[in-house]
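Scroll down for the structure; my scribbles are underneath it.
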Amino acid sequence: MPYPVKKKFISYILLFFVLKAGCQEPRKVHLSGELSKLAEKGYLPGFAVAIVNEDGVLYQNAFGYANSENKKPFTLNTIQSVASVSKTTIGFSLLKLAEIGKINLGTPINDILPFKVHNPNFEKDTIRIIHLATHTSGILDTENSYDDRNRYFISKTHIDKEKVPEEWLTYFKGYKLNRALTLGQFCQNALSKEGEWYSKDTFSPNRAGTHYEYSNLAATLAAYIVEKASGQLFSEFTEENIFHPLAMKDTDWRVQEVDHNRLATSYLSEELIPTPFFGNNTYPDGGLHTSCNDLSKYLLEMIKGYYGKSDLMSAENFGQLFKAQLPDGVTQQNNQKKITNCGVFWMHAADDYLFHNGGNTLGGTIYMWFNTKTGVGRILMTNYLVEDKNSYLQFMSIWKALENFTQEF
């Protein structure tokens, strides 16, 4: 009879998934043991990891300390800056605005901006939104236009100027404390001919769309275009369209709004010099504060979007977000060898990976990748600026262990 057969079939299906989940448990235990041993090397104060796919979290764990001096554990809910991984939210925001008809990737930036931006080497050329989003605009990060004098500021709420470590001030020469600027003020000062620190050196000798050169300043300008096109602050737009829908409750652009009981201390060097809490005038390019738990939700949703299964935005616009946008012949200027092409603030790498990495000059490193063939993504975040050999080897060993875990998916 058909009913018992159907019931038996469903039982087999359920048994299959139970057995599959059970088979994964020994692998998870093994991975935890491997990561624990790597954590004992001690070059990274603390770190958290996650492996996800469109169905959910496959593995999460955290190791070490959010604050080494106080032995405060680093957890999945520890909050830290995720540096340039923040830029992926600019890409999503641009495509969300395209979906509602406010802009498109081909829109000239001067159609949106309240001030004019031209490459003085090519005055008649048109810089378009897609050029900003693929780091081919010809807008450069130079010492004059985009250094730490103007980019960062310390929140008065959390630290006195007199208490800033001398080593920290030495590291950031010329730093101006507490000089907070809006995105519009910053971009106009840097890119308008009437701007306070405008310089022709901020612009490439290459035409827009012809050379790839990673640019924080171009990303900041793209976020400002989101503000002008939407009529909202960039922080408000991303909260409304990303963080609130995904229940990312531990995520904020403003360090003063983050729960400081769960905020990781950031470190710069092997001597574990702590850096003070800081704000970022160009916050969309690298100032997002979040936890591994929240970032897992975000990456999971991006993977769903890649497969056309997200409610945040249409499949068509997610397709544009991840599509390889660089035409043949575009060359790289800054030795980003792992990048094979560029989506809209998402990078393409060999072996079918989409990714963005982040390294914060104030202390912190993060990798966020997913494989477009398997649909499995990885996150590794630490409260340490990974630059020296020992921390790099430890970081990459952890990253490889996560990769090995994903091979059977």
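General remarks:
- Restricting attention to the stretch 260-300, the residues being in a helix (DSSP H, G or I) and either open to solvent by 20 Å² or more (accessible area, probe 1.4 Å) or farther than 27 Å from residue 227 by Cβ (or both) number 6.
- Qualifying positions in the stretch 305-315 - in contact (Cβ under 8 Å) with a residue 12 or more places away in the chain, more than 18 Å from the chain's Cα centre (by Cα) and open to solvent by 30 Å² or more (accessible area, probe 1.4 Å): 307, 309, 311, 314
- Residue within the stretch 73-85 that is among the polar types (S, T, N, Q), within 29 Å of residue 237 (Cα to Cα), open to solvent by 30 Å² or more (accessible area, probe 1.4 Å) and under 18 Å from the mean Cα position of the chain (by Cα) present: yes
- If the condition is being closer than 20 Å to residue 368 by Cα, at pLDDT below 85 and open to solvent by less than 90 Å² (accessible area, probe 1.4 Å), then the stretch 328-343 contributes only 336.
- Candidates 286, 279, 308 - the one that is in contact with a helix residue (DSSP H, G or I) (Cβ under 7 Å, 6 or more places away or on another chain) and at pLDDT 95 or above: 308
- Counting the residues of the stretch 241-259 that are hydrophobic (A, V, I, L, M, F, W, C) and either part of a loop (DSSP other than H, G, I, E, B) or over 18 Å from residue 285 (Cα atoms) (or both) gives 5.
- Tally of residues being open to solvent by 10 Å² or more (accessible area, probe 1.4 Å), assigned to a loop (DSSP other than H, G, I, E, B) and polar (S, T, N, Q) across the stretch 361-409: 4
- Of the residues making up the stretch 99-116, just one is in contact with a helix residue (DSSP H, G or I) (Cβ under 9 Å, 6 or more places away or on another chain), assigned to a helix (DSSP H, G or I) and open to solvent by 30 Å² or more (accessible area, probe 1.4 Å), namely 99.
- Unmet criterion (only one of (1) open to solvent by 10 Å² or more (accessible area, probe 1.4 Å); (2) modelled with pLDDT under 95) for residue 150: (1)
- Positions within the stretch 21-60 being farther than 15 Å from residue 409 by Cα, open to solvent by less than 70 Å² (accessible area, probe 1.4 Å) and among the hydroxyl-bearing types (Ser, Thr, Tyr), in sequence order: 32, 36
- Residue within the stretch 190-198 that is farther than 28 Å from residue 383 by Cβ, at pLDDT below 90 and assigned to a loop (DSSP other than H, G, I, E, B) present: yes
- Of all residues in the stretch 266-305, those satisfying the criterion of being of a type in the set (Ser, Thr, Tyr) and within 17 Å of residue 57 (Cβ to Cβ) are 290, 291, 296, 298.
- Just one of (1) in contact with a strand residue (DSSP E or B) (Cβ under 7 Å, 6 or more places away or on another chain); (2) in a loop (DSSP other than H, G, I, E, B); (3) open to solvent by less than 10 Å² (accessible area, probe 1.4 Å); (4) not aromatic (Phe, Trp, Tyr) fails for residue 325. It is (3).
- Whether a residue is open to solvent by 20 Å² or more (accessible area, probe 1.4 Å), over 22 Å from residue 380 (Cα atoms) and in contact (Cβ under 8 Å) with a residue 12 or more places away in the chain was assessed, and residue 227 passes this test.
- Only a single item in (1) without any contact (Cβ under 8 Å) to a residue 24 or more places away in the chain; (2) under 20 Å from residue 246 (Cα atoms) is not met by residue 93, and it is number (1).
- Meets criteria (open to solvent by 10 Å² or more (accessible area, probe 1.4 Å), closer than 25 Å to residue 362 by Cβ, not in a loop (DSSP other than H, G, I, E, B) and not aliphatic (A, V, I, L, M)) for residue 63: yes
- Residues that are of a type outside the set (A, V, I, L, M) and in contact (Cβ under 8 Å) with a residue 24 or more places away in the chain within the stretch 252-270 comprise 252, 253, 254, 256, 259, 260, 262, 265, 266, 267, 269, 270, listed in sequence order.
The values are calculated or read from the model by the stated rules, or taken from the named source; none is laboratory data. Everything numeric in this text was worked out from a predicted model, so none of it was measured. Cβ sites come from the backbone with ideal geometry, for glycine too, and all protein chains shown count toward neighbours. Heavy atoms of the whole protein, side chains included, go into the accessibility calculation; ligands, DNA and RNA do not. Shrake-Rupley method; radii C 1.70, N 1.55, O 1.52, S 1.80 Å.
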